[in-house]
Amino acid sequence: MRENRANSLKLKIGFLLAKNFTLSAFSLFVDTLRLGSDQRDNSGRIACDWLVMSADKHFVTSSSGVQVPPNAPLKPPTDFDYIVVVGGRINEKVEVLDSQAVAYVVNASHAGVPIIGLCTGSFILAEAGLLEGKRACVSWLHHGDFRERFPEISVTSHELFVEDGKVITCAGGSSAADLAAFLLNRHVGEFAEKNALEILQIARRRDAKEMQPRNPLGRGTIDDARVEKALLTMEQHVEDLLDIEDIAAQSGLSRRQLERSFRTALGVSPASAYLTVRLDEAMRLVKTTKIPLAEVAILAGFQNSSHFIKKFRQRFDMPPATVRKNLKLSGLLS
């Protein structure tokens, strides 16, 4: 606890909201703090406090269109236990966090204040050079984008959040509540975490290393975490294909064990599941982009177009060119 803070205050957070920030990640984090700061649902800022800071007084618009006004200028970073950068929609052509705020975060890090990148806040921290030599966590949805933009940074989307030194990166979504509850437990106590989670009707705080919920095959939940991890690995390596042995090793299994686990959990082989993941990505590219079909084949891990078209037709009962043609005729693709 810092000397210039009220004696009862055990955790103070400073927020910086990026343009088009994710409202759910921000609100879940804040509400977990709010409920852990007082007894029951009284909302008193007894154990925790937080400020939404900005270099100006302008409202910040979330990706859902809801606007949040900052309630403080950029305070001295040492006033806080953590500075949280809340990201949102990724846009390489737009400055999502103004240069003054980015410089503030960098200075805060140099002053020894722990920094949190929430949702795509990890991209902002990476751009600012705060993830050099560190391991980062992003959502499975943004894993490919992060690897492409920051290939030198070690990144995972198999976990909910990662703490590496004085930098924490969090996948966002509901894991924002898990991270906030983790910080409540660390700084305030188990009773604060319990109070917050019970009122939020969250059964338990998930551990940082638990898997991000995701089934690329869209067949409901998977009871085997090793199969779930293998599927996520496949999804992250659609163009740069991995051998099944490598995928098994990353899941902590032998190839035979992985084959058996896939048969039990999904009724298919790992190779068959991998092909399905690749074809589903190809269909997404066909439907949502104007990328030439020959390039779509490459991006989906196929060495030649004829093999791609054959497998695509087998899965979707029509070739990719017909899918594109139908979308254009219906006006869904210009």
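The values are calculated or read from the model by the stated rules, or taken from the named source; none is laboratory data. Predicted model, so just to flag it, every value in this text is computed and none were measured. Cβ coordinates were reconstructed from backbone atoms using ideal geometry, including for glycine residues, and neighbour counts include every protein chain displayed. Surface accessibility is based on the protein's heavy atoms, side chains included, excluding ligands, DNA and RNA. Shrake-Rupley method; radii C 1.70, N 1.55, O 1.52, S 1.80 Å.
Between Tyr82 and Lys12, Gly14, the built amide H atoms are under 5 Å apart, and every one of these is 5 or more places off in sequence or on another chain.
Looking at the chain alone, DSSP beta bridges between its own residues are antiparallel in about 25 percent of cases.
Within the full protein context, the accessible area of Asp224 is estimated at about 30 Å² for a probe radius of 1.4 Å. Matching the structure-derived Cα extents along the principal axes in Å against the labelled list (1) 69, 44, 37; (2) 56, 43, 36; (3) 62, 39, 36 gives the label (1). By DSSP, the beta bridges lying fully in the range 9-114 are antiparallel in about 20 percent of cases. Cross-link reach is defined here as a Cα-Cα straight distance under 20 Å, omitting same-chain residues fewer than 8 places apart; for Lys328 the lysines meeting it are Lys287, Lys290. Straightening the chain between Glu245 and Thr78 buys 55.3 nm, computed as 0.36 nm per residue apart minus the Cα-Cα spacing. Put a dot 7 Å past the Cα of Arg45, heading toward its Cβ, do the same for Ser254, and the two dots end up 5.9 nm apart.
Return one whole number: the accessible area per residue of the range 1-120 in Å², for a 1.4 Å probe.
On the way: 5710 Å² over 120 residues.
With all protein chains present, the range 1-120 gives 48 Å² per residue.
Per-residue ellipticity at 222 nm, computed for the chain from helices alone with -39500 (n - 2.57) per DSSP H run of at least four residues, works out to -13000 deg cm²/dmol. Annotation: lysines with alpha-carbon distance below 22 angstrom to Lys75 (same-chain offsets under eight excluded): Lys10, Lys12, Lys19, Lys57, Lys166.
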